[in-house]
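What follows is a short report on a single structure.
The values are calculated or read from the model by the stated rules, or taken from the named source; none is laboratory data. It should be emphasised that the depicted structure is a prediction, and the values quoted were computed from it without experimental measurement. For neighbour counting, all protein chains shown are included, and Cβ atoms are generated from backbone atoms with ideal geometry for every residue, glycine included.
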Amino acid sequence: FEWCKEAARTYSYGGGVGTDISILRPKGAPVHNAALQSTGSVSFMNVMSETTGTIGQSGRRGALMITIRVDHPDVFDFIRVKRDLRSVRYANISVRVTDEFMRAVEEDKEFTLWYENEVVGRLERKIRARELWRELVQSARDWAEPGLIFWDTVKRGSPSEYNGMEVVTTNPCSEQPLQAYGACDLGSINLSAFVVDEFTEGARVDWEGLERAVRYSVRFLDDVLDYNMGRHPLKEQEEASRTSRRIGLGVTGLADMLAKLRIKYDSEEALDFVDEFFNRFKCVAYDASIELAKEKGAFPLFDAEKHLSMPFIRTLPSELREKIARFGLRNVAVLTVPPVGSGSVLVGTSSGIEPIFAFSYTRRSESLSKEYFKVYHPLVGEYIKRFGLKDESALPDYFVEAHRINPEFRVKMQGTIQKHIDSAISSTVNLPSDITVEEVEKIYMLAWKSGCKGITVYREGSREGVLITEEAKSSEKTEQSQSGDAGVGSPRKNWVRPRVLSGQTIKFRLPQGSIYITVNGDEEGIKEVFVNLGKSGSDEKSYSEAIGRLISRYLQHGGDVRDVIKSLKGIHGKTSTWDQGVQLLSVPDAIAKALELISGQEVPVRRTTGEQPQASPAEKGDAAASRTKAFSDDVVGVSVCPSCGEETLVYENGCYTCKTCAYTKCE
């Protein structure tokens, strides 16, 4: 519980926390207290999670990463813990996977789970490696967690494995492996801004400008370390920052830069380019840190012999290694690739090293005309306007959307870049909803073999889909049993659904999209209400479906439809709209109006003239005064933003990011 105290203090300063629970005893291990046996490492995760969720940060919560060794006896419980949606709600979780385990999976061997300390001695349990592997992969496919951290790769690639700076876990988004009490000091350069003669055959990188930006950025991040001295939540964090001076210079806008260079993101040409590009980027950044060491001195724990023996440092050119031996380094680690979710929205670029998420989406004006128009990804819109294209269908093939890229290529791209990054990369491979477990296995195995330090996948609808699945299971169990607690209303009736019911469906058009409300009944009245809004697996679909189910259960247990109408009618959402003369204030209000219409009660209307507004060209609208309708239908994984209410919340780089208001949340 000292951890909770330190974490709460860190969150109160706006920070995040990464922690590894492998040190905790497994479930059933002996303890010298009244319990006699340990409740296990996983039992403490909820305490950590709730601590994170309790401390506010200007309307948000702190961020937490919890990791565990793949050979810890509690690893199966760890993998399954977030399948209960009430459990560990405020943390990301990842398993630290070893090369030994991955080889055991390849060779279908036994694998030993173990724990050892002076009190319990050594505890062991042998399993089949593929049994644990399949559990990991299945959970990642179905629930998007846990992520994998290839820990031996992390340790081999870390330049800080000496003098107490050894990395022990990662930050919440996993791009920054850190020593105990290590702190993040991250910043990113917009690569899209450094292309000369863009979109032409002579397009090239502005290396003079980029190198200048890299050197300024390294100096800036190093200055931030000094500025924060005396401002850290814990003295241990300040000491770790002072003695190692770890920074993380990253990038964003890679996909936009490639498009400006006329290089297709998912091509061998792109892999060759980023390999050469990031090698040069790495060398410039390290040279900047060496020059700072000449000017201000090396970081206090620097040891030339030990540092130069690190595998990553040996990838530097000999002239840089000679300069390190002579002058030292100002920073123990220099490079990383963070998600850059909000930052990318603010500067109008693709996010991090990710491909362009979608070329366009459709927005609805908040003016009286309520017109629809397209909003393009900034670079796509710029290209269409400059070259006079009709729409994105005429774009050249070097423009490519994320959902059209083979997932295995995404892994290859990450592995290629990782060779030149001394920390790690935060990146998520977005997958279609119908992907198989076997395909996810291939992606994970390829990530390990490609030298990635970590891998996270997100299958479309996997998080929200759990809500629907569990709800459906609960509903089935309830319907199979007519016994149990009394329902709401007077008095409970054991209504048995006939095979056929008559009903009607009403369609309304809301700002979120079209809503379909189906009402079925028998001679006694309305008995079922089905509500369909949004895409399968989205939050709005699950919420509206839940309202329909609750209404249905209430009516089937003797409830009065007039009570439902009275309860829902008049609830206001963020914006209201009119459809066929009916004012709709929100989704609940629309359901109430549909029930009124079908049950024959009057609904207040206004006079209307003509048809509903039709879609209009982009140039007729004002993007600054608009409301989101949706991305194009073939774009996966889009939800409604909890901050601005727009349907532009996407999951990429391990975080949810709103493309409209730049809201971001990593979980």
Boolean, ASP185 is acidic (Asp, Glu) and over 21 Å from GLU276 (Cα atoms): yes
Any hit, region 159-171, residues being at negative phi, buried (at least 23 other Cβ atoms within 10 Å of the Cβ), within 27 Å of the chain's Cα centre (by Cα) and in the same structural domain as GLU6 (by TED's automatic domain parsing): no
Region 200-232: number of residues that are out of contact with any Lys or Arg (no Cβ under 7 Å at 6 or more places or on another chain) and more than 30 Å from PHE387 (Cβ to Cβ): 18
Residues (surrounded by fewer than 18 Cβ atoms within 10 Å (Cβ to Cβ) and not in a helix (DSSP H, G or I)) located in region 550-567: HIS557, GLY558, ASP560
Residue list for region 57-99, restricted to those being within 20 Å of the chain's Cα centre (by Cα), surrounded by 15 or more Cβ atoms within 10 Å (Cβ to Cβ) and part of a loop (DSSP other than H, G, I, E, B): GLY62, ALA63, VAL88, ARG89, TYR90, ALA91
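Table: residues versus (1) in contact with a His (Cβ under 9 Å, 6 or more places away or on another chain); (2) not assigned by TED's automatic domain parsing to the domain that holds LEU132.
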residue: ASP391; (1), (2): no, yes
residue: ALA394; (1), (2): no, yes
residue: HIS403; (1), (2): no, yes
residue: THR416; (1), (2): no, yes
residue: PRO432; (1), (2): yes, no
residue: GLU441; (1), (2): no, no
Yes/no for GLU6 being assigned to a helix (DSSP H, G or I), over 21 Å from VAL168 (Cβ atoms) and not assigned by TED's automatic domain parsing to the domain that holds CYS184: no
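So is THR51 among the β-branched types (Val, Ile, Thr) and farther than 20 Å from ALA29 by Cβ or not? Outline the logic, then answer.
Numbers: among the β-branched types (Val, Ile, Thr): yes; farther than 20 Å from ALA29 by Cβ: yes.
Yes.
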One residue from LYS109, LYS126, LYS82 being modelled with pLDDT of 95 or more and either touching a Phe, Trp or Tyr at 6+ places or on another chain (Cβ under 8 Å) or of a type in the set (Phe, Trp, Tyr) (or both): LYS126
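Yes/no matrix, rows are residues, columns are (1) in contact (Cβ under 8 Å) with a residue 12 or more places away in the chain; (2) in a strand (DSSP E or B); (3) charged (D, E, K, R):
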position: VAL214; (1), (2), (3): yes, no, no
position: ASP222; (1), (2), (3): yes, no, yes
position: ALA240; (1), (2), (3): yes, no, no
position: THR243; (1), (2), (3): yes, no, no
position: ARG262; (1), (2), (3): yes, no, yes
position: GLU269; (1), (2), (3): no, no, yes
position: PHE273; (1), (2), (3): yes, no, no
position: VAL284; (1), (2), (3): yes, no, no
position: PHE299; (1), (2), (3): yes, no, no
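Any residue at all in region 333-345 that is among the small types (Gly, Ala, Ser), outside the structural domain of GLU211 (by TED's automatic domain parsing) and assigned to a loop (DSSP other than H, G, I, E, B)? Break it down stepwise before answering.
In the first step, residues of region 333-345 are kept if they are among the small types (Gly, Ala, Ser); the result is 333, 341-344.
From the residues that got through so far, the ones that are outside the structural domain of GLU211 (by TED's automatic domain parsing) too are 333, 341-344.
The next check asks that each one be assigned to a loop (DSSP other than H, G, I, E, B); those that pass are 333.
Yes, because at least one residue in region 333-345 is among the small types (Gly, Ala, Ser), outside the structural domain of GLU211 (by TED's automatic domain parsing) and assigned to a loop (DSSP other than H, G, I, E, B).
Against the definition (in contact with a strand residue (DSSP E or B) (Cβ under 6 Å, 6 or more places away or on another chain) and in contact (Cβ under 8 Å) with a residue 24 or more places away in the chain), how does LEU254 come out, yes or no? Don't jump to the end; show me each part of the working.
Details: in contact with a strand residue (DSSP E or B) (Cβ under 6 Å, 6 or more places away or on another chain): no; in contact (Cβ under 8 Å) with a residue 24 or more places away in the chain: yes.
So LEU254 does not fit the description; no.
Among GLY209, GLY230, which is the only one that is surrounded by fewer than 19 Cβ atoms within 10 Å (Cβ to Cβ), at positive phi and more than 28 Å from the chain's Cα centre (by Cα)?
Just one listed residue meets the conditions, GLY230.
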Sole exception among (1) out of contact with any Asp or Glu (no Cβ under 8 Å at 6 or more places or on another chain); (2) without any contact (Cβ under 8 Å) to a residue 24 or more places away in the chain; (3) closer than 19 Å to ILE21 by Cα for TYR115, by number: (2)
ARG330 vs. criteria assigned to a loop (DSSP other than H, G, I, E, B), among the basic types (Lys, Arg) and either more than 23 Å from THR657 (Cα to Cα) or not assigned by TED's automatic domain parsing to the domain that holds LEU271 (or both): yes
Residues that are surrounded by 12 or more Cβ atoms within 10 Å (Cβ to Cβ) and small (Gly, Ala, Ser), drawn from region 104-128: ALA104
Hits in region 533-563 (condition: under 15 Å from THR518 (Cβ atoms) and either of a type outside the set (D, E, K, R) or modelled with pLDDT under 85 (or both)): LEU533, LYS541, SER544, ILE547, GLY548, ILE551, SER552, LEU555, VAL561
Matching residues in region 63-83 - criterion: being small (Gly, Ala, Ser) and either out of contact with any Gly (no Cβ under 8 Å at 6 or more places or on another chain) or not assigned by TED's automatic domain parsing to the domain that holds THR39 (or both): none
